[in-house]
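Q: The following block contains the structure, expressed as structure tokens.
The values are calculated or read from the model by the stated rules, or taken from the named source; none is laboratory data. Values in this document were obtained by computation on a predicted structure and should not be read as measured data. In this analysis, Cβ positions are derived from the backbone assuming ideal geometry, glycine residues included, and neighbour counts consider all displayed protein chains. With ligands, DNA and RNA removed, areas are computed over all heavy atoms of the protein, side chains included. Shrake-Rupley method; radii C 1.70, N 1.55, O 1.52, S 1.80 Å.
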Amino acid sequence: MIRDPNAPLPDPEETLVPRVFLREPGWKVGMKVGSEREFCHAIAPGDDAYHRLSDGELFVYSPEEKLCLPCAERRGLLHFEPKRLRNSMQTFEMGGPAQAGDTFKIVDPDDE
Ligand SMILES: [Zn+2]
């Protein structure tokens, strides 16, 4: 059931699903629809056969294969952090006061 987006969550911290990113060239996200038999193209650890994709299941696919999300994650296709900007901003370290009465100073790491 879809939750009312305006209803407060029981616990806003509680979710099993992180933000998921797929950046591998040639891979896309799909959703299995219907009861036609389709299989994940990877065998999960501990299993000895390919497992079925279920109706409504999200998966990733390339021209060669389809993978359920857990298998895609094991393959290293999924990422859970947004891509960092290429030119990161220059960072400064804040040096705390060494002794009582000292003031904070900004330390440029390049000057050290
Ligand atoms: Zn799988």
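Q: May I ask you to give the average projected area over all directions of the convex hull of the Cα atoms of the stretch 40-85, in nm² rounded to one decimal?
A: 4.3
Q: Order 49-56, 22-29 from most to least packed using the mean count of other Cβ atoms within 10 Å. Present the calculation step by step, with values, prior to reporting the outcome.
A: Values: 49-56: 12.9, 22-29: 11.2.
With the highest mean Cβ count within 10 Å placed first, the list reads 49-56, 22-29.
Q: For PHE59, PHE39, PHE21, what's the largest-to-smallest order of accessible area, 1.4 Å probe?
A: The ordering from most to least exposed comes out as PHE39, PHE21, PHE59.
Q: Could you work out the relative contact order of the stretch 21-79? I mean the mean sequence separation of Cα pairs under 8 Å and 6+ apart, divided by the number of residues, in percent.
A: Values: 94 pairs, mean separation 23.2, N = 59.
In percent, rounded to a whole number, it is 39.
Q: Also: Show HIS41, HIS79 ordered by accessible area, largest first, where the area counts protein heavy atoms only and the probe is 1.4 Å.
A: Largest accessible area first, the residues go HIS41, HIS79.
Q: A follow-up question, please. Could you report the stretch 1-79's accessible area per residue, 1.4 Å probe, as an integer in Å²?
A: 78
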